[in-house]
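This report concerns only the one structure given below.
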Amino acid sequence: MLFSDITPELRLKTQFNHLIQVQQATLDKLTDAVAVFGPDARLKLHNEAFERFWGVSPDQLARTPDFDGVVELCVPRLHDRQFWRDLKGRITDPDPGARAPVVGEVATAERRIVAYQSRPLPDGATLISFADVTDTRRLEGALSDREVALVAAERLKREFVASVSYELRTPLTTIVGYSELLERDAKSLSPRAREHVAAVRSAATHLARSIDNVLTMAEIDAGEMVLDIEDVDVGALIGAVSLSGSLIAWAKLDGVIKKPLRFKGQQAFNAVVMLATVAIGGYIVFVVASGAVPLVAMPTLIYLFFGFALFFGILMTLPIGGADMPVVISIYNAATGLAVGLEGFVLQNPALMIAGMVVGAAGTLLTLLMAKAMNRSVGNVIFTNFGAATKHKQGDIKGSLKPVEAGDAGIFMRYAAKVIIVPGYGLAVAQGQQKLYEFVKLLQAAGVEVKFAIHPVAGRMPGQMDVLLAEAGVPYDLIFQLEDINDDFADTDVALVIGANDVVNPAARDDKSSPIFGMPILNVDKAKKVYVVKRGEGKGYAGIVNALFYADNCEMVYGDAQAVLVKMIEAVRGLGLSAAA
Ligand code: NAP
């Protein structure tokens, strides 16, 4: 008798069976139908999903364990015998190349789509798996159909926008055109018919504008027009700063805010507010561009952005004082043009772009010219406290105020050879421009040479004096700008300063402690005689005393500019001279 210890063998067998059971349990958990065939084409292993997938029982599989038998069980669901033959070749072919892994899809008799794959295993067996991917493929098909439909819808939308634009605008333009023609030929129409035509034209114009707005929205919706959030952001920032800054400028010009508001560390504070505004704007751009979820709700961010931008406009303008306001107004004018131009880019609207650029460029040029006229740089105007009304003691000024009657001054000028008139803010307030020109014509008729000298920042608006004189009909060849006439004062008999103050203050030229020191002025003090027309001892815009009024060659004609001019005209006419027409 032979005895041998078979314990290791039994242990190995148990381990092997255990492993097989684990494998089987794992396979059974899979949703894909899996079967493993040996190189002899016999079924070695399969899972429950395989039985369910092909509708076969474990017994049927046990009875026909070779590949052909299994295929016969599966053929009622998948008729394609060539497919099965190819698969068998992959299982039984000894050539490793022929048994390379393969994946594919095949249709069943019930028109379901089956994804299959065969994969060689290290022991020479082959794993085959099947999965029903019909629903996935249908979903993919539906999604791709939807994509195609969306593209077609976009195209239709674009065509609609283009054709509606044409179809609507053309008849409206015709209606507006014909109603304008009818209005022009108004004599042949009854008053009632005229009203009707005007109403038709106005309604058609409004409708055309509304259609433009609707089309703009439709274009944005159809992707024809893309809102560039960076341009929107920059435009909104400039626009908001200009808006609140202009309101403060208005309040200052109107006297609602009387003094510049300054506090310690103001520039640092302004810089912080500016940086915060830019940071919020930048964050909005980032959120929109990246699609990230914002830390704060988007509407709150937008409110914060505009709030900070408006606040910055106020802060920037509050400390700017006195004589610098015209430059600031001009800067805001240029900035508004820039904002409009940027919005033109955003909305792809050439009219807005061009208008904005023209306003922006013209405003920038005017700003630079005004700053030059005041002997300042633009940065210096905005970021320093120039223009502050400092306490300038009256005791510093020598001489006295010497009042004179309007009539006497008028007669003196009638006998002068050369007179230069310097108009200022007070003339505009008194609306004395017509009377002034009437007086000038009287002087001219008497053979007096009369010229007007215009300071670039006289009045309260750039170019205000030019407009005022043009309104009165003063010929352009009598009007001279500062740099063209300043040398003539020394050779002039009388300088008539009418409602002007800061622009003729010699302190800007001579007194380093004056807040307007450095600003070019009209050298009226160099004339042989100076008459200053003003109501009393009111100061000019910069709020400082004017030494010119106390000078030996200067006399004060007190009164409202228009009333004074009326008296001067009466006095000169009283001499028996008639005005040249
Ligand atoms: P101004 O220095 O403001 O002086 C105007 C003078 O007119 C005052 O002294 C006032 O004295 C007198 N006045 C007021 N009403 C009058 C009336 N009804 N009849 C007669 N006189 C009258 O004016 P300016 O010399 O034209 O200088 C302009 C100033 O405004 C500059 O400081 C400039 O920087 C500033 N500014 C200019 C602009 C601009 O764009 N041009 C804009 C903003 C500010 P009484 O009260 O005694 O009558």
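The values are calculated or read from the model by the stated rules, or taken from the named source; none is laboratory data. None of these values were measured; they are calculated from a predicted model. Here the Cβ is made from the backbone with ideal geometry for all residues, glycine too, and neighbour counts use every protein chain on show. Ligands, DNA and RNA are excluded from the accessible area calculation, which covers all protein heavy atoms including side chains. Shrake-Rupley method; radii C 1.70, N 1.55, O 1.52, S 1.80 Å.
Just flag the trypsin sites (Lys or Arg not before Pro) in the range 494-581 sitting in loop per DSSP whose Cβ has no more than 12 other Cβ atoms within 10 Å.
Lys512
Say the dipole of the chain comes from +1 at the beta carbon of Lys and Arg and -1 at that of Asp and Glu; which of Leu338, Leu207, Thr174 then lies farthest toward its positive end?
Among Leu338, Leu207, Thr174, the one farthest towards the positive end of the dipole of the chain is Leu338.
Roughly speaking, what is the centre-to-centre gap between the range 296-369 and the range 235-292 when only Cα atoms are used, to the nearest Å?
A separation of 10 Å, based on Cα centres.
How do Trp54, Trp250 rank by accessible surface area computed with a 1.4 Å probe, from largest to smallest? Kindly include the intermediate steps, with their values, before the conclusion.
Working: Trp54 10, Trp250 145 Å².
Listed by decreasing accessible area, they come as Trp250, Trp54.
Could you state the number of Å between the C-alpha centres of the range 494-557 and the range 394-433?
For the range 394-433 versus the range 494-557, the Cα centre distance is 11 Å.
I'd like the orientation of helix 229-253 relative to the chain: the angle between its Cα long axis and the longest Cα principal axis, in ° from 0 to 90, rounded to 10.
Taking the Cα atoms of the chain, the angle to 229-253 is about 20 degrees.
Which lysines have a Cα lying under 29 Å from the Cα of Lys259, excluding residues fewer than 8 positions away in the same chain?
Lys372, Lys391, Lys393, Lys398, Lys512, Lys534, Lys539
Loop sites only, by DSSP: take the GluC sites (Glu not before Pro) in the chain that have at most 13 other C-beta atoms within 10 Å and name the longest stretch containing none of them. Don't skip to the end; give the middle numbers.
Numbers: sites that count: Glu110, Glu537.
It works out to 111-536.
How much net charge surrounds Trp250 when only other residues with a Cβ under 14 Å from its Cβ are counted (Lys, Arg +1; Asp, Glu -1)?
Details: positive: Lys252, Lys258, Arg460; negative: Asp254.
Result for the neighbourhood of Trp250: +2.
By accessible area of protein heavy atoms, probe 1.4 Å, what ranking do Ile248, Ile20 get, highest first? The partial results should precede the final answer.
On the way: Ile248 25, Ile20 60 Å².
If we order Ile248, Ile20 from most to least accessible, we get Ile20, Ile248.
Setting aside same-chain residues fewer than 8 positions from Lys418, which lysines have a Cα under 20 Å from its Cα?
Within the straight-line limit of under 20 Å, Lys418 reaches these lysines: Lys435, Lys441, Lys451, Lys526, Lys528, Lys529.
What is the distance in Å between the Cα centres of the range 24-80 and the range 140-186?
With the range 24-80 and the range 140-186 each reduced to a Cα centre, they are spaced 63 Å.
For Ser4 and Ala109, compute 0.36 nm times the residue count separating them, minus their Cα-Cα distance, and round to one decimal in nm.
32.0 nm
So what's the back-of-envelope 222 nm ellipticity for the chain, counting only DSSP H runs of four-plus at -39500 (n - 2.57) apiece and dividing by all residues, rounded to 500?
Numbers: 20 runs with 319 residues, N = 581.
Helices in the chain give a 222 nm mean residue ellipticity of -18000 deg cm²/dmol.
Add +1 for every Lys or Arg and -1 for every Asp or Glu among the other residues with Cβ under 11 Å from the Cβ of Glu140, and state the total.
On the way: positive: Arg137, Arg138, Arg146; negative: Asp135, Asp145, Glu147.
Summing Lys/Arg as +1 and Asp/Glu as -1 gives 0.
Can you give the % of DSSP beta bridges in the chain that are antiparallel, to the nearest 5?
Working: 22 of 45 bridges.
Antiparallel: roughly 50 percent of the beta bridges in the chain.
Of all the accessible heavy-atom surface of the chain, with the other protein chains kept in place and a 1.4 Å probe, what percent is carbon and sulfur?
On the way: 19480 of 31570 Å².
That share works out to 62 percent.
For Ala49, what is the net charge nearby, where nearby means another residue's Cβ is under 11 Å from its Cβ and Lys, Arg count +1, Asp, Glu -1?
Values: positive: Lys29, Arg52; negative: Asp28, Asp32, Glu48, Glu51, Asp132.
Result for the local shell: -3.
With a probe of 1.4 Å, find how much accessible area the chain has per residue, and write the answer as a whole number in Å².
Result: 54 Å² per residue.
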